[in-house]
Amino acid sequence: MRLRSLFTAGVTGVLIVGAAWAGVGLAPVPTAIPGAPGSRTPTTARSLDGANVGIGDDLGPDEALVGAAKVDIKPMPDESKGEVWEHDDAAKCLPMTSGDVEGSLTHAANWRLPWIENTNCIYMGGFGIGPSQPVLGWDDYDADVPAGGENGYGLWARSFAVSRGGGTLVLTILDGEGYNGLYNKLCPSDEACGAHDLAAQLGAELGLDPASFVFSSTHAHSSMDFIGGWGGVPEWYMRQVANAMRTSVREAVGQMVPARLEAGDTLARPYNNERRDTYHSAEDPTVNWIRAVGRDDETVATVATFAAHATSFGSDETVAHADWPGVFAKRVEERFGGIGLAFESGLGNMSAGRNSRGSMGKALADLLPGIGGGTLVTQPDVNVAQTFWDQPVTNTPLMTLGTGGFFDRPFQSASAQITPAKEGSNKPCVSASGVSVHVAATAARIGGVIVTAAPGEIFANFSNTIEEMAPITGLAIGQANDALGYMPQSFETDHAARQGPGFAGGGMFEYEDAYSIDACFGDKTLETQIAMIRALFS
């Protein structure tokens with residue numbers, strides 16, 4: 001039963017960018033499905049050996065095939081290949097803005113990114129621009145440390161796969177600030193590694209439609225910068241992480257077993273709060289979740305969404321940490337077994353509870369009911385759709401940074417116009433620009449559960465709308481298959497802030513709008529997902 005029916009240093013003297021930014025990748029234009037122009041449905045799901053893993057002969061009417069896996073992403077440089085992770089001497093990785101002379105001697109022009117930095121350092125996703133806080137230490141996983149403390153969680157690539165009725169959905173979450181859909185130079189020189197590249201590669205390998213894959217990030221600022229805005233990571237580590245995501249997907253698909261699914265949402269209002277200076281948006285106060293339990297009554301996975309920035313640990317402590325999503329995942333693994341995955345939902349206007357540290361993730365996990373305490377997902381057939389479009393970029397500072405390569409995401413010099421409108425409205429949001437980004441949105445149905453994936457930091461009004469459409473529950477995932485900044489809807493945007501003043505914040509202009517590429521981006525994504533959801537249920 002559902003519970004509810006820094007202003008910082010400039011680039012070239014004037015440009016500033018901050019915590020929200022990430023990127024969206026390119027992908028082939030899809031074919032259409034009825035009721036959702038420009039969308040596509042998946043092909044028959046197949047396992048690693050090519051055998052059909054849709055509805056098996058022995059699946060019960062309320063069972064699906066489910067698998068989950070996680071792969072450690074602790075940096076493992078190969079010294080025999082000259083790979084180096086510089087983390088023993090803090091002075092060698094200090095940001096150039098620190099004024100440290102000794103550290104500056106180790107910095108050099110980076111051909112992969114337009115920063116002067118130590119290319120053997122791994123940088124965290126920061127709150128300004130350019131090389132930020134380096135990763136000097138690592139929170140290693142410790143099974144003997146109970147969830148709720150500050151350490152012992154590790155950082156991972158985790159995947160959850162579910163298949164039935166010829167459709168498959170694979171959800172992957174990476175402990176990182178963000179992950180682009182497509183990259184300019186951060187990927188290894190001999191391979192493409194953006195989220196859409198991974199989907200195409202794994203789709204061809206596993207016999208799945210690329211629409212079946214969702215690659216998201218926790219947006220933890222105490223984790224690594226995989227978008228290039230704050231210094232990025234070495235090439236060898238980018239390869240390691242991309243391979244970790246591939247491996248987690250392969251193992252999740254390859255280990256699928258018959259399981260029943262139960263789902264629900266649980267009120268968690270004390271654990272997030274409105275972050276905007278002006279209260280434009282609704283809150284999203286629930287943990288939305290789905291759990292898979294095998295025939296042996298052993299949990300395969302628990303997957304959840306919650307609307308709260310993963311900033312409990314910040315990026316000024318030099319030790320990489322998975323923040324509250326990592327704490328949550330470990331705690332549900334302790335309570336129920338299997339593998340836990342926590343995705344960001346309507347985080348755009350929602351912050352984590354103050355001074356929460358490890359306690360928040362544990363508290364959220366402890367709110368979930370025990371096995372059997374959710375709503376059974378009957379006839380859990382899986383259907384997935386995905387839509388691509390060219391999104392205008394009308395934020396001049398971010399457009400300049402993007403086209404200048406200060407974030408490693410290719411923009412395109414292609415004119416685009418969109419006119420999204422709420423059903424019944426005669427006042428569409430109109431936007432056009434000569435610069436655009438090719439973006440994607442995904443919608444999926446698992447029986448009465450809805451899963452959506454949006455390419456940025458969606459707001460709580462957005463996630464609430466998706467959740468309310470679901471017969472059982474909705475998992476409205478942000479930062480998915482990309483992370484292109486904040487995505488307020490047009491009714492809650494601050495146009496002046498988006499052209500620069502929002503960088504200063506201070507209550508006069510909205511900070512989040514300074515990192516929003518366009519006033520209509522949220523509207524377009526939401527209306528596109530609504531159309532796909534309706535088609536999936538038709």
Surrounding net charge for ASN184, when Lys and Arg each add one and Asp and Glu each subtract one, Cβ distance under 9 Å:
+2
With a ≥ b ≥ c from the Cα gyration tensor eigenvalues, square-rooted, and the rule rounded for a/c under 1.5, otherwise prolate when a/b > b/c and oblate otherwise, the range 391-448 is oblate
Yeah, the range 218-377 with a ≥ b ≥ c from its alpha-carbon gyration tensor (a/c under 1.5 is rounded, else prolate when a/b outruns b/c, oblate otherwise) is oblate
If you rank LYS70, LYS81 by fewest surrounding Cβ atoms within 10 Å, what's the result?
LYS81, LYS70
Could you let me know the centre-to-centre spacing of the range 214-271 and the range 144-204, using Cα atoms, in angstrom?
4
List the residues whose amide H sits under 5 Å from the amide H of ALA414, counting only those 5 or more places along or on another chain, with H placed 1.01 Å from N in the peptide plane.
SER436
Net charge around GLY126, counting only other residues with Cβ within less than 10 Å of its Cβ (Lys, Arg = +1; Asp, Glu = -1)?
-3
The range 183-290: relative contact order as a whole-number percent, Cα under 8 Å and 6+ apart:
21
Can you give me the relative contact order of the range 310-459 as a percent, contacts being Cα pairs under 8 Å and 6 or more apart?
24
Hey, can you grab everything whose amide H is under 5 Å from the amide H of CYS193? Only 5+ residues off in sequence or another chain; H modelled, so Pro and N-termini drop out.
TYR183
Scoring the range 156-217 by relative contact order with C-alpha pairs under 8 Å, at least six apart, yields a percentage of 36
Whichever aspartates and glutamates have a C-alpha closer than 16 Å to that of LYS524, once near sequence neighbours (fewer than 8 apart) are set aside
ASP390, GLU423, GLU457, ASP482, GLU492
Filter on LYS70/LYS92; LYS92/LYS330; LYS81/LYS330; LYS81/LYS185 - keep pairs with C-alpha separation over 26 Å:
LYS70/LYS92; LYS92/LYS330; LYS81/LYS330
Would you kindly derive the ³J(HN,Hα) couplings of the range 248-260 from the backbone phi angles with the Karplus curve 6.51 cos²θ - 1.76 cosθ + 1.60 (θ = phi - 60°), listing them in order in whole Hz, with x for Gly and Pro?
4, 5, 4, 5, 4, 5, x, 9, 5, 9, x, 8, 9
Whole-Hz ³J(HN,Hα) for each residue in the range 130-146, computed from phi via Karplus 6.51 cos²θ - 1.76 cosθ + 1.60 with θ = phi - 60°, x for glycine and proline: what do you get?
x, x, 9, 6, x, 7, 10, x, 9, 7, 6, 5, 9, 5, 7, 8, x
Inter-part distance where the range 59-78 and the range 317-344 are each reduced to a Cα centre, Å:
15
Give me TRP115, TRP138 ranked fewest to most by other Cβ atoms within 10 Å of their Cβ, as a rough exposure proxy.
TRP138, TRP115
Answer rounded, prolate or oblate for the range 188-297, using the Cα gyration tensor with square roots of eigenvalues a ≥ b ≥ c: rounded when a/c is under 1.5, else prolate when a/b is larger than b/c, else oblate.
oblate
From fewest to most C-beta neighbours within 10 Å, the residues ASP390, ASP296 line up as ASP296, ASP390
Karplus-derived HN-Hα couplings along the range 185-200 (A = 6.51, B = -1.76, C = 1.60, θ = phi - 60°), whole Hz, x at Gly and Pro:
9, 5, 5, x, 4, 9, 7, 8, 9, x, 4, 6, 5, 4, 4, 5
For ALA301, residues with placed amide H under 5 Å, excluding near neighbours
ALA292, ILE339
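Quick note: the coordinates plus some simple rules give every number you see, no bench work behind them. From a predicted model like this one, the values you see are computed outputs, not experimental measurements. Virtual Cβ from ideal backbone geometry, glycine too; neighbours counted across all protein chains shown.
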